[in-house]
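The values are calculated or read from the model by the stated rules, or taken from the named source; none is laboratory data. Nothing here was measured: the structure is a model prediction, and the numbers come from that model. Counting neighbours? That spans all protein chains shown, and the Cβs are built from the backbone with ideal geometry, glycine included. Side chains are part of the model used for accessible areas, which takes the heavy atoms of the whole protein and leaves out ligands, DNA and RNA. Shrake-Rupley method; radii C 1.70, N 1.55, O 1.52, S 1.80 Å.
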Amino acid sequence: MISLLDYGAGNVRSLRNAIHALGFNLTEIQRPEDILKAERLIFPGVGAFGAAMERLHRLGYVEPLKAYLAEGRPYLGICIGLQTLFESSEESPGVAGLGLIPGQIRRFDAQALSVPHMGWNDVRVERASPLFADYAGEKLYFVHSYRAEPSAENADWRLATTDYGAAFLSAVQKGRVGAVQFHPEKSGEAGLRLLRHFLAGEDRSAPALERPARQEPTRFAKRIIACLDVRSNDAGDLVVTKGDQYDVRESGEVRNLGKPVELAQRYYEEGADEITFLNITGFRDFPLSDQPMLEVLKRTSEKVFVPLTIGGGIREFTDAKGKHYSALSVADAYFRSGADKISIGSDAVYAVEAYKARGGEKDGSTAIEQIARVYGNQAVVISIDPRRVYVDSPTMTDHVTVETQVPGPNGERCCWFQCTVKGGREGRDVDVVELARACEDLGAGEILLNSIDRDGTGAGFDIELVRAVREAVSIPVIASSGAGCVEHFSEVFEATGVEAALAAGIFHRREVPIMAVKTYLREQGIETRT
Ligand code: 1PR
């Protein structure tokens, strides 16, 4: 019997799904005394270090957990479940951790790196642990802004390290107590195998390897994301659709490119590093009344073990009966149904307008701030739908302009990128650069950058747009819209340094398989997850 220590601070549905898919039963820790009765304990910590410790204290879990760990009983910490084993964290000064492992958790250097470290990286296994018994060197999925550094004091815990800037501890183990910084439940088949070893009780530690299996630096992969734009068609069925410059109708009918759950599963099997669903009519239909979409997410997350993002309609809402829903409660419903990240479109533009009106002050009122506080920054993606606005010279606008190689209709050589709301139907007085910077300040963890001009054209990503946003923020940026062939992916990675690229049409129409993109990128010397 596996016991799960879910202290209610965030989404652990993915882990539950993975454990069930592996055929194991779970029991939940409900009271402090359950901890010492556990046979095998999993602590999938999520959110911030301080918030996790505060909740453990409030629930009376700290002392039994320390006693369980001191007895060296079977334990698997995941992410914050690794970090809380240490003494303290820069993330929450003054808050003591469980103190089992010497050292302080420190933040990655956002001056030099894109933070969070979000995506697929290698793991250098340094001991013959059963956890990694049949690990074949696959990349595993990480998402975190803080990390444990290897040191002489914690050398006896060191099981595996990963490089991001410098080396950090990606797995620790002493006896039967182990913890990993990556998310096995989101790391595809390789992650599931590792999880199975713990669940099956193969967790005794073994001596250090004379030579780690891998000695060269670990390499962080560029992510390839498959995107499914979803909406109801005229017959009322939820379908995957795809627009040309956001127009999804052909001869008056909503284009139908397949069923959402089936397509998502196909992309998982074909090697997508992440899958994104955009509920494209969410801005006008209240998503919580859109139960089929929640059902799609539930069914997908039972079978797909890479990160799932969902967007569309995340905003506060008052229904016909006058009942008020906060944006956080909409996001809650998506997370409970299996999302790992949510994406905010229109509401982020309104939030930035209000933030500008307050002179760049944060007051905690926006959906971005509220959702990031509960689920962590990494769970909040901002989906931007920009359109080019040409001007004769930068002096003609207050917005951030770029000099462009793609001249406007009257030969203009200068443009800015206007943010839109409601699926591109309405332009607002905000440009992409100020939107991206403001959202980063409000606590967003990632930018999904579409382009209405390029969407569905197959003409390649808008490099000038992508570069402008990549240079403006330090959070990861996903380039989207316009992919037509494998060369477009290497072009966007090489020209802009973005962390991920997303495509829809070419994957749906089977014109370019995901693996063909990855094979081509590796031939060009660009790292991917195989
Ligand atoms: O405003 O928070 O309700 O969110 C609505 C979400 O729906 C936004 O993320 C917005 O981007 C999306 N959306 C709204 N209308 C459309 C539409 O197409 N009519 N889809 C739409 C956006 C763009 C990408 C597409 C890429 C790649 N589609 O999702 O997948 O452009 O396509 P390609 O590779 O075929 O070029 P809110």
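Observations
- Matching residues, the stretch 223-251, being open to solvent by 50 Å² or more (accessible area, probe 1.4 Å), more than 9 Å from the ligand (Cβ to nearest atom) and in a loop (DSSP other than H, G, I, E, B): Asp234, Ala235, Gly236, Asp237, Ser251
- Looking only at the stretch 130-145, residues that are surrounded by fewer than 23 Cβ atoms within 10 Å (Cβ to Cβ) and either touching an Asp or Glu at 6+ places or on another chain (Cβ under 9 Å) or under 25 Å from Val380 (Cα atoms) (or both) come to 5 in all.
- Set side by side, the residues Gln418, Gln405 differ, and just one is part of a strand (DSSP E or B) and either within 30 Å of Val330 (Cβ to Cβ) or not aromatic (Phe, Trp, Tyr) (or both), which is Gln418.
- Complete set of residues in the stretch 46-61 that are open to solvent by 40 Å² or more (accessible area, probe 1.4 Å) and assigned to a helix (DSSP H, G or I): Ala51, Glu54, Arg55, His57, Arg58
- Search result, residues across the stretch 443-452 that are more than 10 Å from the ligand (Cβ to nearest atom) and either open to solvent by 10 Å² or more (accessible area, probe 1.4 Å) or in a loop (DSSP other than H, G, I, E, B) (or both): Gly443, Ala444, Gly445
- Selection of the stretch 453-493 for residues being of a type in the set (A, V, I, L, M, F, W, C), closer than 24 Å to Arg373 by Cβ and surrounded by fewer than 24 Cβ atoms within 10 Å (Cβ to Cβ) yields Ala472, Val473.
- Search result, residues across the stretch 284-296 that are of a type in the set (A, V, I, L, M) and either more than 20 Å from the chain's Cα centre (by Cα) or closer than 22 Å to Lys422 by Cα (or both): Leu288, Met293, Leu294
- Failed item, numbered, when Ala333 is tested on (1) surrounded by 22 or more Cβ atoms within 10 Å (Cβ to Cβ); (2) farther than 23 Å from Ile475 by Cα; (3) more than 13 Å from the ligand (Cβ to nearest atom): (1)
- Only residues that are within 15 Å of the ligand (Cβ to nearest atom), at pLDDT 90 or above, open to solvent by less than 10 Å² (accessible area, probe 1.4 Å) and not β-branched (Val, Ile, Thr) were counted across the stretch 264-287, and they come to 6.
- Among the residues of the stretch 497-519, those that are away from the ligand (no atom under 16 Å from the Cβ) and free of Cβ contacts under 8 Å to residues at least 40 places away in the same chain comprise Gly497, Thr519.
- Count of the stretch 152-166 residues which are over 26 Å from Lys341 (Cβ atoms), open to solvent by less than 40 Å² (accessible area, probe 1.4 Å) and either of a type in the set (Gly, Ala, Ser) or assigned to a helix (DSSP H, G or I) (or both): 1
- Pairs with Cβ under 9 Å, 6+ apart, first in the stretch 285-309 and under 16 Å from Leu228 (Cα atoms), second outside any helix (DSSP H, G or I) and among the basic types (Lys, Arg): Val296/Lys259; Pro307/Lys341; Leu308/Lys341; Thr309/Lys341
- Pairs with Cβ under 9 Å, 6+ apart, first in the stretch 412-436 and open to solvent by 30 Å² or more (accessible area, probe 1.4 Å), second away from the ligand (no atom under 16 Å from the Cβ) and of a type in the set (Lys, Arg): Glu434/Lys356
- Odd one out for Ser114, checked against (1) open to solvent by less than 10 Å² (accessible area, probe 1.4 Å); (2) part of a loop (DSSP other than H, G, I, E, B): (1)
- Subset of the stretch 337-368 that is charged (D, E, K, R) and closer than 26 Å to Arg425 by Cβ - its residue that is surrounded by the fewest Cβ atoms within 10 Å (Cβ to Cβ): Lys356
- Considering the stretch 288-315, the residues that are in a helix (DSSP H, G or I) and within 13 Å of Leu238 (Cα to Cα) include one that is farthest from the ligand (Cβ to nearest atom), namely Glu295.
- Of the numbered criteria (1) open to solvent by 20 Å² or more (accessible area, probe 1.4 Å); (2) at pLDDT 95 or above; (3) of a type outside the set (Ser, Thr, Tyr), the one Asn121 fails is (1).
- For the stretch 453-489, filtering for residues that are away from the ligand (no atom under 13 Å from the Cβ) and small (Gly, Ala, Ser) leaves 3.
- Single match in Phe108, Phe43, Phe86 (criterion: among the aromatic types (Phe, Trp, Tyr), in contact with a helix residue (DSSP H, G or I) (Cβ under 8 Å, 6 or more places away or on another chain) and open to solvent by less than 50 Å² (accessible area, probe 1.4 Å)): Phe43
- Number of the exception - Gly99 against (1) touching an Asp or Glu at 6+ places or on another chain (Cβ under 7 Å); (2) crowded, with 16+ Cβ neighbours inside 10 Å; (3) not charged (D, E, K, R): (2)
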